[in-house]
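K.L.:
Here's a structure for you.
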Amino acid sequence: MQTVTTQHDRYIHDSDGSPSSSHQNPKSTAKWAASLENLLEDPEGVKRFREFLKKEFSEENVLFWLACEDFKKTQDKKQMQEKAKEIYMTFLSSKASSQVNVEGQSRLNEKILEEPHPLMFQKLQDQIFNLMKYDSYSRFLKSDLFLKHKRTEEEEEDAPDAQSAAKRASRIYNT
């Protein structure tokens, strides 16, 4: 089996090149615990992680990461300029309301906002990703918030009668 890895997405392909299929839909907490990338790909995971970071007074890190992900998908030049300025003013400026702590921040000035490009924040985004991965993510996995969600999932799994037919069908057909 060959593994193809992109920046923050992971795809596993069978030897014929087609995506491999899983017959079981793993519990969300199991996926979140596997990697920060999996957590950030799941809207519910992002929501729980944000709750945790809010309690740690570092929610700006995941908000910056998400804003950069959105920015990279922007095609329109004018929209890109607006989003670049918003990211700069919200997270990187010395007067930012939700300033992130990254190296090289002082070298960024408003001049770069005039000619934005999709990867202009990539190095800073990678710094924040690594900060979350090696710091807050490991604490999140040990937090009451995560462990409580995991217990709830396990209890739901142990009580099949409590599940709706739609949930059971969803699990069976992996949708």
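FYI, it's all coordinate maths here, none of it is from the lab. This structure is a prediction, so every number in the text was calculated from the model and none was measured. Neighbour counts are summed over all protein chains in view; Cβ atoms, including those assigned to glycine, are modelled from backbone coordinates with ideal geometry.
K.L.:
Along region 28-42, what does the Karplus equation 6.51 cos²θ - 1.76 cosθ + 1.60 (θ = phi - 60°) give for ³J(HN,Hα), rounded to whole Hz, x for Gly and Pro?
P.N.:
4, 5, 5, 5, 4, 6, 5, 6, 5, 4, 4, 4, 6, 7, 9
K.L.:
Under 1.5 on a/c is rounded, so check that first for region 41-128, then, if it is not, pick prolate when a/b is larger than b/c and oblate when it is not; a ≥ b ≥ c are the square roots of the alpha carbon gyration tensor eigenvalues. Display every interim value, and only then the final one.
P.N.:
Numbers: a/c = 2.16, a/b = 1.39, b/c = 1.55.
Since a/c reaches 1.5 but b/c is at least a/b, the shape of region 41-128 is classed as oblate.
K.L.:
Pairs of Cα atoms under 8 Å, at least six residues apart: use those to get the relative contact order of region 55-158, whole percent.
P.N.:
On the way: 73 pairs, mean separation 29.0, N = 104.
It comes to 28 percent, rounded to a whole number.
K.L.:
What ³J(HN,Hα) values, in whole Hz, does the Karplus curve 6.51 cos²θ - 1.76 cosθ + 1.60 give for region 75-81 when θ = phi - 60°, with x put for Gly and Pro?
P.N.:
Listing the rounded values in order: 9, 5, 4, 5, 4, 4, 4 Hz.
K.L.:
Listed here are the pairs Lys55/Lys78; Lys55/Lys83; Lys47/Lys73; which of them are more than 31 Å apart at the Cα? Walk me through the numbers on the way to the answer.
P.N.:
Working: Lys55/Lys78 36 Å; Lys55/Lys83 27 Å; Lys47/Lys73 21 Å.
The pairs that break the limit, which is 31 Å between Cα atoms, are Lys55/Lys78.
K.L.:
Spin-label point model (7 Å from Cα, Cβ direction): what's the Phe57 to Asp70 distance in nm?
P.N.:
Label at Phe57, label at Asp70, 2.6 nm between them.
K.L.:
Also, quick follow-up: Once the other residues with Cβ under 15 Å from the Cβ of Arg48 are scored (Lys, Arg +1; Asp, Glu -1), what is the net sum?
P.N.:
Numbers: positive: Lys27, Lys31, Lys47, Arg50, Lys54, Lys55, Arg139, Lys142, Lys148, Lys150, Arg151; negative: Glu41, Asp42, Glu44, Glu51, Glu56, Glu59, Asp144, Glu153.
Counting the neighbours of Arg48, the net charge comes to +3.
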